[in-house]
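Input: a single structure, listed below in structure tokens.
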Amino acid sequence: MKLSLILVFSLLVIIYPGFSQQNKTDGNNTVRTELRERLAEEIAAKYGINNRNIIEAFKRVPRDIFLPNYVENLAYKDTAIPLGRGEILPSPGNVAVILKNLSPERGSRVLIVGVNTGYTAALFARITSEVYVIEANKDRSDRNREIFAALGYQNINLKTGDAFSLWEEASPFDIILIHGAVTSVPADLTMQLAVGGKLVTPISDESGFQLLILIERGVPSFSVKSLGTGFFSSLGGF
């Protein structure tokens, strides 16, 4: 059934490829507010999220704003959404597990590699003071800059390019998220972690099976832990 839905969404993207922001609200009308709050409480209970800042971020960030109109009805369901051209919006549950294990705080310095739809960056921006993003695709960067500006997220710093070192001057980072599946963890990124810092990435094998991996930088070595399965786009352009 899931595969059939993915094929349907992929066909819809071919027919209706645009991400139109027309007729979108700022996410604050009553119906959307209720849907966001319901989703936040649902994933908090399902995934054991006790951090009130994380729950509040899910209640405040309008997921529908980051989606094309034809899948907007899925915005507040705990499901991954295929967007075509190999792009997937991860499920709120996957994102909640990431946030839970990265434990962002107000003073955390966050680096995200691969902006995806921008939703995850917006969640981090609600919790932390500064978020740095690297995105290889110019169109995706431009689209998300517009959305971030419209929503008032002035603490998201976005650079377009294909080098992991683009925000090296802002390192070390307390948190690094590789927002796309890779086959191995780039050493360039692990060395940008602060001592005690954490990195999460989906690791994919040849069959496409993905595991979410948590890496923590200690002294003198790194520790690695599996967070379970994931469903993410491949990290393209790097």
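The values are calculated or read from the model by the stated rules, or taken from the named source; none is laboratory data. Here the structure is a predicted model, which is why all the values come from computation and not from measurement. FYI the Cβ positions are ideal-geometry reconstructions off the backbone, even for glycines, and counts take in every protein chain you see.
Counting only residues that are in contact (Cβ under 8 Å) with a residue 40 or more places away in the chain, outside any loop (DSSP other than H, G, I, E, B) and within 15 Å of PHE58 (Cβ to Cβ), region 83-120 holds 11 of them.
Would you confirm, using the coordinates I've provided, whether VAL110 is at pLDDT below 95, aliphatic (A, V, I, L, M) and closer than 27 Å to SER171 by Cα? When the stated conditions are applied, VAL110 does not pass them.
Check whether at least one residue in region 158-172 is under 25 Å from ILE88 (Cβ atoms), hydroxyl-bearing (Ser, Thr, Tyr) and modelled with pLDDT of 95 or more, and report yes or no. Yes. When region 121-164 is filtered for residues that are under 20 Å from VAL185 (Cα atoms), touching a helix residue (DSSP H, G or I) at 6+ places or on another chain (Cβ under 6 Å) and not in a strand (DSSP E or B), only PHE164 remains. Pairs are defined by a Cβ separation below 7 Å, a sequence spacing of at least 6 or placement on different chains, a first member in region 141-152 that is touching a residue at least 24 places away in the same chain (Cβ under 8 Å) and surrounded by 13 or more Cβ atoms within 10 Å (Cβ to Cβ), and a second member that is assigned to a helix (DSSP H, G or I) and of a type in the set (Val, Ile, Thr); the pairs so defined are ILE147/ILE65; LEU151/ILE65. Out of curiosity, is THR201 among the polar types (S, T, N, Q), buried (at least 18 other Cβ atoms within 10 Å of the Cβ) and under 15 Å from VAL110 (Cβ atoms)? Criteria met by THR201.
Of the numbered criteria (1) surrounded by 17 or more Cβ atoms within 10 Å (Cβ to Cβ); (2) among the acidic types (Asp, Glu); (3) under 23 Å from VAL224 (Cα atoms), the one GLU135 fails is (3).
Taking the criterion of being over 16 Å from the mean Cα position of the chain (by Cα), more than 12 Å from LEU123 (Cα to Cα), in contact (Cβ under 8 Å) with a residue 40 or more places away in the chain and in a helix (DSSP H, G or I), the residues of region 39-65 that qualify are LEU39, ALA44, LYS46, TYR47.
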